[in-house]
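Chemist: Dropping the structure in here first, questions after.
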Amino acid sequence: MRILGIETSCDDTAAAVVENGRHLISSLRSSSAAIQQKFGGVVPEVAAREHVLSILPTVRDALHAAGMDWQDVDGVAVTRGPGLIGALLVGVTFAKSVGSALNRPVVGVHHLEAHLYANALIAPIQFPALALIVSGGHTTLAYWTDHGQLAVLGETLDDAAGEAFDKGARILGLPYPGGPAIERLADQARPDRSITLPVARLGADSLNFSFSGVKTRLRQLAADVPDRAPELAFALQEAVAEALTRNIERAYEKYPVAHLYLAGGVSANRRVREKLGDWASRRQVTLHVPPVELCTDNGAMVAALGYYRLTKGERLGREEGPQTPWPLREAMAGARGEES
Ligand code: ATP
Ligand code: FE
């Protein structure tokens, strides 16, 4: 079963074809990041307009790269939320149009759950597991027992991990998106133990995250030692990686699983992978990370998750449109058929 996956929740117009939820056939992305850079962040109206321009060529190119015709599509999966409403609307409307023109089933998926399915393109997901989604808008830790069964254990109380990188980059005068720029700059840092950033200490039982303190301290230090930008970038990366590892350890104490799945843009970060990898080998846990190019938004993760949903018979109703805001907890309760 070949699923066309469509993703338009933020500034990337992405489309991909995945076979049976496992095999990546083609994946293409057209980003408006270069245009957004001029504004220092994502402007919703600009993103929506770029999606309108890019969606048809991106999907057509993804099908072409897969050696497929429209008729070869067996089903369509699209990100339904959360994200920018105007941006989501373009993808959802397009997916529904393709579905009705070809008479194929369409399913709408949750963007965060989809991020995790970038891992399904490497090997089948092994349950039970801990799942950590670290993206531009979310930092979510969950206990994952089956497809469609994600129990949220912790979330960020303020900035997301990716946002900490993006805002930190802006403080240090680096371009958007900040994560890759911070990582490159951190590589040039000289060892200096005196430049560190704080890791928030929440309650002893809390599995939540907080990154706003890191940002505030970074701003102060950037004013105090403006010539030490590489060391500051290094400290930021270190603080985020430490905060993630600390909560994973706490979650593991309650849920001693054999697998940890990482997803979202920040999971592309080498230091984050390394630190969680060290933790995992100490605990004899297997760490699963998506290929770097599938950490940030893409259509392949949407198609992979869509396969599981479509084969369960789930369909996007004629009246159903984008869903935002859409807390993961609510989406999971919906997947179990509970009142939310
Ligand atoms: P969400 O998924 O929460 O809606 P999003 O889709 O915008 O947000 P992603 O595409 O998953 O987020 O990831 C983008 C984020 O990942 C940005 O904040 C970016 O700075 C960060 N990021 C990308 N590459 C790296 C990296 N190498 N190191 C750290 N952060 C990174
Ligand atoms: Fe995302």
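The values are calculated or read from the model by the stated rules, or taken from the named source; none is laboratory data. Note that the structure is predicted; figures quoted are calculated from it, not measured. A quick note on method: Cβ atoms are made from the backbone with ideal geometry, for glycine too, and the neighbour counts reach across all protein chains shown.
Chemist: Looking at (1) assigned by the TED database to the domain that holds Val59; (2) surrounded by 21 or more Cβ atoms within 10 Å (Cβ to Cβ); (3) free of Cβ contacts under 8 Å to residues at least 60 places away in the same chain, can you tell me which one Gly317 breaks?
Modeler: With (1) assigned by the TED database to the domain that holds Val59; (2) surrounded by 21 or more Cβ atoms within 10 Å (Cβ to Cβ); (3) free of Cβ contacts under 8 Å to residues at least 60 places away in the same chain applied to Gly317, the lone miss is (2).
Chemist: Please specify each residue of the range 57-76 satisfying the condition of being of a type in the set (A, V, I, L, M, F, W, C) and surrounded by 14 or more Cβ atoms within 10 Å (Cβ to Cβ). Explain how you work it out, then say what you get.
Modeler: Kept after step one, since they are of a type in the set (A, V, I, L, M, F, W, C), are these residues of the range 57-76: 59, 62-63, 65-66, 68, 70, 73, 76.
Answer for the range 57-76, where residues must be of a type in the set (A, V, I, L, M, F, W, C) and surrounded by 14 or more Cβ atoms within 10 Å (Cβ to Cβ): Val59, Ala62, Leu63, Ala65, Ala66, Met68, Val73, Val76.
Chemist: Just give me the residues in the range 296-339 being part of a helix (DSSP H, G or I) and aliphatic (A, V, I, L, M), in sequence order.
Modeler: Hits for the range 296-339 are Ala300, Met301, Val302, Ala303, Ala304, Leu305, Leu310, Leu328, Ala331, Met332, Ala333, Ala335.
Okay, residues lined up against (1) within 24 Å of Gly137 (Cβ to Cβ); (2) outside the structural domain of Leu202 (by the TED database); (3) within 16 Å of ligand 2 (Cβ to nearest atom); (4) surrounded by fewer than 19 Cβ atoms within 10 Å (Cβ to Cβ):
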| site | (1), (2), (3), (4) |
| --- | --- |
| Gln220 | no, no, no, yes |
| Pro226 | no, no, no, yes |
| Ala241 | yes, no, no, no |
| Arg246 | yes, no, no, yes |
| Glu249 | no, no, no, yes |
| Pro256 | no, no, no, yes |
| Gly264 | yes, no, yes, no |
| Asn269 | yes, no, yes, no |
| Gly277 | no, no, no, yes |
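Chemist: Could you identify the single residue in Gly91, Gly21, Gly83, Gly5 that is at pLDDT 95 or above, touching a Cys at 6+ places or on another chain (Cβ under 6 Å) and surrounded by 23 or more Cβ atoms within 10 Å (Cβ to Cβ)?
Modeler: Residue meeting the stated conditions: Gly83.
Chemist: In the range 266-309, how many are touching a strand residue (DSSP E or B) at 6+ places or on another chain (Cβ under 6 Å) and without any contact (Cβ under 8 Å) to a residue 24 or more places away in the chain?
Modeler: Residues flagged as touching a strand residue (DSSP E or B) at 6+ places or on another chain (Cβ under 6 Å) and without any contact (Cβ under 8 Å) to a residue 24 or more places away in the chain within the range 266-309 amount to 2.
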